[in-house]
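Since the structure comes first, as structure tokens, the remarks are kept for the end.
Since every read-out is calculated from the coordinates, none of them should be taken as a lab result. Quick caveat: nothing in here was measured; it's all calculated off a predicted structure. Ideal geometry is used to build each Cβ from the backbone, glycine not excepted, and the neighbour counts take in all protein chains shown.
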Amino acid sequence: MIRIQIQNQQDDVEITRQLKGYIKKGIRAALKEEGFTRGDVSVLLCDEQTIHTLNRDFRNVDAPTDVLSFPNETEGRRPHIGDMAVYMVRAKDQGEEFGHGILRETAYLCAHSALHLVGYDHMTEEERAVMREKEEKAMTAIGLPRE
């Protein structure tokens, strides 16, 4: 089973049981499609300052972003697939902007990040198309397809 630990370090967006459930569903659906049935993922729900600092320190990009992925590069008895950080105000704002709300947007960002954890990227148009297809497949699997 994929175990997911969620840590909330922000106060701007209410983190409900339902939201936590969709975070887990998005991650598990993306990983299941890639054949992952075991492993751990940690999720940090954070504010703008935290995501900005992480982006600057780990990617040399001095700006906030919506989600960051940190794949684990070590092996162990139970694989730790990786860590992700989600900027919750951005997730809320993007959900409103795109008209589908915070639940779908946060689940989508987590599915997107999970795909990064297992090696996918979107630096080229070809990679972007593959990743988008996998993201949408995961979202459809959890009942939140793009409308």
>> Among Met123, Ile102, Ala138, whose Cα projects farthest towards the positive end of the dipole of the range 96-147, with charges put on the beta-carbon of Lys, Arg (+1) and Asp, Glu (-1)?
In response: Ala138
> Roughly how big is the range 2-141's charge dipole about its Cα centre, with Cβ charges of +1 (Lys, Arg) and -1 (Asp, Glu), in debye to the nearest 20?
Replying inline: 840
>> Quick check: pseudo-label points 7 Å beyond the Cα along Cα→Cβ at Arg146 and Asp57, how many nm apart are they?
In response: 3.4
> Cross-link partners among lysines for Lys25, C-alpha distance below 17 Å, same-chain residues fewer than 8 apart left out?
Replying inline: Lys134, Lys137
> Label point 7 Å out from Glu14 along Cα-to-Cβ: which residues of the range 104-139 have amide N under 20 Å?
Replying inline: 104-107
> For the range 1-117, what proportion of DSSP beta bridges, expressed in % and rounded to the nearest 5, is antiparallel?
Replying inline: 25
> Which value at 222 nm does the chain reach when only helices count, each DSSP H run of 4 or more adding -39,500 (n - 2.57), with the total divided by all residues and rounded to the nearest 500 deg cm²/dmol?
Replying inline: -16500 deg cm²/dmol
>> When a/c reaches 1.5 or more, the comparison of a/b and b/c decides; with that in mind, is the chain rounded, prolate or oblate per its Cα gyration tensor?
In response: rounded
